[in-house]
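Have a look at the structure below before the remarks.
Each reported figure results from applying straightforward, stated rules to the coordinates on display, with no laboratory input. Note that the coordinates shown come from a computational prediction; the quantities given were computed from them, not determined experimentally. Reconstructed Cβ throughout: ideal geometry from the backbone, glycine too, with neighbour counts over all protein chains shown.
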Amino acid sequence: MIEHSFHTPIEYLKGVGPQRADIIKKELNIFTFGDLISYYPFRYIDRTRFYKINQLQPDLPSVQVIGRLLHVETVGQKRAKRLVAQFKDETGTMELVWFQGIRWLEKGLKVGAVYIIFGKPTLFKGLLSMTHPEMELYNPTAKKTGNPSLQPVYRSTEKLKQFSLDSKGIQRLQENLITWAIKKVEENIPEYILKKHHLLEKGAALLSIHFPSNQQDLQAAQKRLKFEELFFIQLKLLKNKLLQTQKFKGHLFDRVGASFNLFYKDRLPFPLTNAQKRVLKEIRHDTHTGAQMNRLLQGDVGSGKTVVALMTMLLAVDNGCQACMMAPTEILAQQHYNNLAELLKDLPVSLKLLTGSTPKKERLLMHQSLESGDLNILVGTHALIEDVVKFKNLGIVVIDEQHRFGVEQRAKLWRKNAIPPHMLVMTATPIPRTLAMTLYGDLDVSVIDELPAGRKPIKTLHLFENSRLRMFGFMREEIAKGRQVYIVYPLIKESEKLDLMHLEAGIEALIREFPLPDFRISVVHGKMTPKDKEFEMQRFIKGETQLMVATTVIEVGVNVPNATVMIIENAERFGLSQLHQLRGRVGRGGEQSFCILMSSKKLSKEGKLRLETMVRTNDGFEIAETDLKLRGPGDIAGTQQSGILDLKLADLSTDQTILLEARNLVINIFKNDPNLAAPQNLLLRKYLFKQNPGISWEKIS
Ligand code: ADP
Ligand code: MG
């Protein structure tokens, strides 16, 4: 017999074969023995408890009942044909119904016998029933092992079920694999860690995750496997961090010079908040160490991240370096440029904007002045990353709204200079702590947790279509006070046409409602050229128009303090963080601002929760937590490259404790043994080496 390994193709497993293997590969992405063993149940059914028929209610999950099967008959014709049985215990009678496999069931079911049935109770025409229950002949002397108290449930698909690979079928395959697997599996966490953190060994954990004997057993297995997932991600991240700080030298910004001081004393139009001051201190500290700074700046919408970024860039300029600031969209880059230009007016600091639509001639001049060092600060889009853009001495890169940039792009920016520039990464909206630690675990984190003084919290309202006239009336009042209004429509790729129709219909209604010359409307949507968008934006920014109708292109960063009303159409179609981002476009001046969420009455449970959350709170961190719970990390941009998506068990919205435990452990390990040279850490060293054979270990000590 051939020696199997975890790389053995799945078709060689007993009970699989080439045909089923094909389906398993296609449907579940399971190719090898190793893939299958880490295909964990997604839930468990408690089979320790038996219900009586008179205890059943339609809102129970799947439950089991012991009773006698009476009277089985086929009723109905053709498509409506079904098998109906009466099932009885000492407390009552119920119906069991099957729509499929009728012939086979008719033959197999034993009328008069006692069964354990298992399924979800439903109420059909006032009668209690169960559709397609699992049936098992009751055998009071059967050994417990054949009937585990916690029955695993594996995700299956219709296709798989056609090949008898429903949850039960997958469980049978796991049975065929497990005895072999637990003998063969190699421990990947050093023993001293297992002991200290009370973790099961890997083999035991695998056995219990698939075949738990009780609740404690299952929890121990889950803890071990979750810990493992989070631990290795942290190991990789913190290893990278170590490499960055130890391998790369960073620019030393040890002077606070003319431009910083001039700006701070003469130009800064407001006192900094304490949070802004603290963050600046953290940045000053980092840029003093001689190592490269890699810092994530988190702060809620409107908390004033831009000015912190600007002052950091001025610090670079004062120390003979150049700075660049990168934004995800052209509108935003333009806006940053305008803001910075205004703030830097008359200061001896040169500033330029580079985007995809910068004319070639200008671009060439810019390249020259960058290479000669004449240009101090460059603001732009992705265009900044291109290889032709070379700096004389790039000292700091600020990345705004990081979630749209990948790790790779960050790395590309580092390579723009012999000494890699400091990195300041800013998020558009707060992200939950666990997600930050995983997505940006290799960065240090600063948080601006305070809004500038005098801000009035935005009032948020949820309205249905029948209140539209009321909404129009309200808009009119605000505009009469000299304020401006955003009206945002969803634009979702799959139904772009439909969305554009909504947008156009919306605009027509608005024009009827708000006629010229008293009202003027700007329109910005994704199908316009950057130049047209910019033109329309500028009209709104200058106050020439009172209404800005837009799709989500205005989502990030746009700053028009005079706008006090944000109306979001079809609000139920937006994600939470998007809604929060959009709401953050108002409330930027001293006036009371409002956000009105328009939705249809038909709301999904989640849609309702999203809107309720928005109405309840303005706190971006709280909203981010809810968002993570609702969507999972997979739908949150930026997660693709982070390994988060490979998490099979760990859940960043509920497993914060395990994550912290794992991260602190890794921090400690590296503190005592940065090269993982100690014999007890050999396993970890091996793991990292396998992940990244290119790393030269000597360099980090
Ligand atoms: P965000 O963190 O969302 O990027 P911005 O940097 O765009 O926020 O700042 C939002 C608004 O608050 C801007 O108009 C900015 O000028 C203003 N602002 C920033 N810091 C302060 C402060 N300390 N006091 C008053 N206003 C501030
Ligand atoms: Mg911003």
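So here's what we get for this one:
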{"read-out": "The chain, helix-only ellipticity at 222 nm - DSSP H runs n ≥ 4, -39,500 (n - 2.57), divided by all residues, nearest 500", "value": "-12000 deg cm²/dmol"}
{"read-out": "The chain - charge dipole about Cα centre, Lys and Arg +1 at Cβ, Asp and Glu -1, debye rounded to 20", "value": "980 debye"}
{"read-out": "Distant alpha-carbon pairs in the chain (separation over 40 angstrom), percent", "value": "48 percent"}
{"read-out": "Positive dipole terminus of the stretch 326-405, leading residue within V349, L365, I399 (C-beta point charges)", "value": "L365"}
{"read-out": "Label-point separation in nm, E136 to N339, each point 7 Å along Cα→Cβ", "value": "6.1 nm"}
{"read-out": "Relative contact order (%) - criterion: Cα under 8 Å, at least six apart; region: the chain", "value": "12 percent"}
{"read-out": "Sites T617 and L516 - FRET efficiency at Förster radius 41 Å, r taken between beta-carbons, to 0.05", "value": "0.60"}
{"read-out": "Span from the the stretch 423-494 Cα centroid across to the the stretch 284-363 one, whole angstrom", "value": "23 Å"}
{"read-out": "The stretch 578-608 versus the stretch 191-261: alpha-carbon centroid distance in Å", "value": "37 Å"}
{"read-out": "Stretchable slack from D673 to A113, in nm (0.36 nm times residue separation minus alpha-carbon distance)", "value": "195.0 nm"}
{"read-out": "Charge dipole (the stretch 258-448, unit charges on Cβ, about Cα centre) - positive-most of S303, I377, L280", "value": "L280"}
{"read-out": "L394 long-range amide H proximity, modeled H, under 5 Å", "value": "Q322"}
{"read-out": "The stretch 43-153, relative contact order in percent, only Cα pairs under 8 angstrom and at least six apart counted", "value": "32 percent"}
{"read-out": "Nitroxide proxy distance, nm - points 7 Å out along Cα→Cβ at F248 and E661", "value": "3.4 nm"}
{"read-out": "Computed magnitude of the charge dipole of the stretch 459-617 (debye, nearest 20; Cβ of K, R +1, Cβ of D, E -1)", "value": "380 debye"}
{"read-out": "Full-stretch length increase - A505, A480 - with 0.36 nm per residue and alpha-carbon distance subtracted", "value": "6.6 nm"}
{"read-out": "Under the span-like rule (Cα at least 27 Å along the axis, Kyte-Doolittle mean at least -1.0), DSSP H helices of the chain", "value": "215-247"}
{"read-out": "The stretch 27-115: trypsin sites (Lys or Arg not before Pro) in DSSP loop, at most 15 other beta carbons within 10 Å", "value": "R49, K52, K81, K110"}
{"read-out": "Of L435, F519, I66, farthest towards positive along the dipole that unit charges on Lys, Arg, Asp, Glu beta carbons give the chain", "value": "I66"}
{"read-out": "Among the listed pairs K120/K601; K81/K107; K249/K390, those beyond 18 Å (Cα-Cα)", "value": "K120/K601; K249/K390"}
{"read-out": "Whichever lysines have a C-alpha closer than 23 Å to that of K690, once near sequence neighbours (fewer than 8 apart) are set aside", "value": "K183, K184, K202, K226, K236, K239, K241, K247, K648, K671, K699"}
{"read-out": "Size of charge dipole - the stretch 17-176 - debye, nearest 20, with Cβ of Lys, Arg +1 and Asp, Glu -1, no other charges", "value": "280 debye"}
{"read-out": "Spatially proximal lysines relative to K305 (Cα-Cα < 22 Å; intrachain offsets below 8 disregarded)", "value": "K265, K277, K281, K345, K352, K456"}
{"read-out": "Full-stretch length increase - S5, N214 - with 0.36 nm per residue and alpha-carbon distance subtracted", "value": "72.3 nm"}
